[in-house]
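Here the structure is laid out as structure tokens; the discussion comes afterwards.
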Amino acid sequence: MHVFDALFEQFLRDAELRSLRRETRAFDHAAPGRSREGGRELLNFCSNDYLGLSLHPEIIARACDYVRRHGAGATASRLVCGTSMPCMQIEEKLARAKGTEAALLFSSGWQANAAVLPALLHIMGKDAQVYVDRLAHASLHQGCNAAGVRQIRFHHNDLNHLESLLRARAGQPGHRIIVTETVFSMDGDRCDVPRLGALAERFGAFLYLDEAHATGVLGPGGMGLAGLAPGQVHLSMGTFSKAMGSFGAYVAGSRALCDSLINACSGFIYTTALPPAVLGAIDAALDLIPCMQAERAALEENADYLRNAVRALGLDTGDSSTQIVPALVGDERRALELSRRLEARGMLATAIRPPTVPRGTSRLRIALSAAHTRDDIDALLGALADELEVWHA
Ligand SMILES: *Cc1c(COP(=O)(O)O)cnc(C)c1O
């Protein structure tokens, strides 16, 4: 054993003792809403494949077609010779769908947030103030940390608090940036985009919205909630890895913003462009999404049904109003135990623990797919009811 392995082993034991150890496991993606582990099929309530697009024949076909026509790799970064015609066309298609002047592709949502915020803050100058929802995604915090700014955190979705923080610093120099998510990944609640847009405008702040869980699912044409405050959102980013079914991410905004990122964003400049297979999948998803109103309606119905039933079982679902339904348990050990028991009954619903969520708010994060049937959801609810009964007995 290498001398450093003792250090790593100790680190892992500490995590284990606190019920916070994480492990990767292999699952086969069987069908939308279903997974296989070994020979066993499980109902999957933890994937972000909300519309089942990861297995959509048109997306698969176009990914294959792009590989055959353009090869396996992009061969270089965007600024060298990695920008292909499909790449440019997707960015134009995306900007039209988002209702913005321009859009830029990124390798992943995590990378976009981690790299775009430092670039923006570099352009805005040292005295810029960054207001961040305290439950914002790790990648947004990463971006702020990489920029070396001290975040001004507001209470989750509390725009009165945000306003009071903005007002308290109104006399200070520097640009303001407000950073939040339109749909929160672990809570399934939404921010009030129109009110946020008006607030940003009033304080002259740059509004940065993460649409990871809204893209494909909510808002005009299913392309996110930023469209609810036209002209007031300066940047919206999202990922193609969730409802869009494949991989990669985007930033949408003005031409000047996108051109500036091409010049200032390290995570855009110094990385290889997305490979053709991924571009094909993204292109097909952008064609499919506007026509998936029926799937979006089914997803919403599934979520309403599940939320009411989970609440009837006595579990808090917070302010969820989307396809993400947290069943709050509190203690991390209990959340883990409940998740394991459900899995033994053939249901996958991941326990989410700190630091992903605040201490004492560990939960099962139930993520629905439009492909889940009422029977699937009832099976989950039945298993959950049984386990809670054992618990309370
Ligand atoms: C998943 C997620 C990301 C990261 O996107 P990837 O493309 O998976 O890297 C960023 N922000 C939020 C809110 C997310 O949930």
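The values are calculated or read from the model by the stated rules, or taken from the named source; none is laboratory data. On a predicted model such as this, the values are computed, not experimentally measured, just so you know. So basically every Cβ, Gly included, is an ideal-geometry build from the backbone, and we count neighbours across all protein chains shown. What goes into the accessible areas is simple: the full protein's heavy atoms, side chains included, and nothing from ligands, DNA or RNA. Shrake-Rupley method; radii C 1.70, N 1.55, O 1.52, S 1.80 Å.
With a/c under 1.5 counting as rounded, go ahead and sort segment 98-153 into rounded, prolate or oblate using the C-alpha gyration tensor (a ≥ b ≥ c being the square roots of the eigenvalues; past the cut-off, prolate if a/b is larger than b/c, else oblate).
prolate
Going from most exposed to least, what order do ARG169, ARG68, ARG176 have by accessible area with a 1.4 Å probe? Please report the intermediate quantities before stating the final value.
Values: ARG169 55, ARG68 185, ARG176 20 Å².
So the residues, ranked largest to smallest area, are ARG68, ARG169, ARG176.
Given that compact globular proteins tend to follow 2.2 N^0.38 Å, what is the ratio of the alpha-carbon Rg of segment 57-290 to that value?
0.99
Counting only the backbone N, which residues of segment 191-210 are under 20 Å from the spot 7 Å out from the Cα of ASN145 toward its beta-carbon?
Label zone hits: 210.
Indicate the gyration tensor shape class of segment 290-393 (rounded, prolate or oblate), computed on the Cα atoms with a ≥ b ≥ c the square roots of the eigenvalues: a/c under 1.5 is rounded; otherwise a/b larger than b/c is prolate and the rest oblate.
Prolate, because a/c is 1.5 or more and a/b exceeds b/c.
Please report the carbon-and-sulfur percent of the accessible area for the chain; probe 1.4 Å, protein heavy atoms only, DNA, RNA and ligands left out.
With neighbouring chains kept in place, the figure for the chain is 53 percent.
May I ask for the net charge around LEU274, where only other residues with Cβ less than 12 Å from the Cβ of LEU274 are counted and Lys, Arg are +1 while Asp, Glu are -1?
Result for the local shell: -1.
Rounded to the nearest 0.05, what FRET efficiency is calculated for ALA76 and ARG96 with R0 set to 22 Å and r the Cβ-Cβ distance?
Efficiency computed from Cβ-Cβ geometry: 0.25.
For n ≥ 4 DSSP H runs only, could you compute -39500 (n - 2.57) per run for the chain, divide by its residues and tell me the 222 nm figure to the nearest 500?
Taken over the chain, the calculation gives -13500 deg cm²/dmol.
Which trypsin sites (Lys or Arg not before Pro) from segment 311-393 combine a DSSP loop assignment with at most 16 other Cβ atoms within 10 Å?
Answer by residue number: ARG345, ARG359.
Can you tell me the Rg and the Dmax, both Å, for the Cα atoms in the chain?
In order Rg, Dmax, the Cα atoms of the chain give 21.5, 65 Å.
Give me the mean projected area, in nm² to one decimal, of the convex hull enclosing the Cα positions of segment 11-69.
About 6.7 nm², averaged over all directions.
Please report the accessible area of THR361 (heavy atoms, 1.4 Å probe, ligands and nucleic acids excluded) in Å², nearest 10.
Here the residue's solvent-accessible area equals roughly 40 Å².
In whole percent, what relative contact order does the chain give with Cα contacts below 8 Å and a gap of six or more residues?
Computed over the chain, the figure is 22 percent.
Can you tell me the length gained on complete extension of the stretch ALA30 to GLN172, counting 0.36 nm per residue apart and subtracting the Cα distance?
On the way: separation 142, 0.36 × 142 = 51.12 nm, distance 5.52 nm.
The ALA30-GLN172 span can extend by a further 45.6 nm.
Apply the membrane-span-like helix rule to the chain: whole DSSP H runs, Cα extent along the own long axis of at least 24 Å, mean Kyte-Doolittle hydropathy at least -0.5. List the helices found. Don't skip to the end; give the middle numbers.
On the way: long enough: 293-312 (29 Å, -0.83); 374-392 (27 Å, -0.04).
Once both thresholds are applied, what remains is 374-392.
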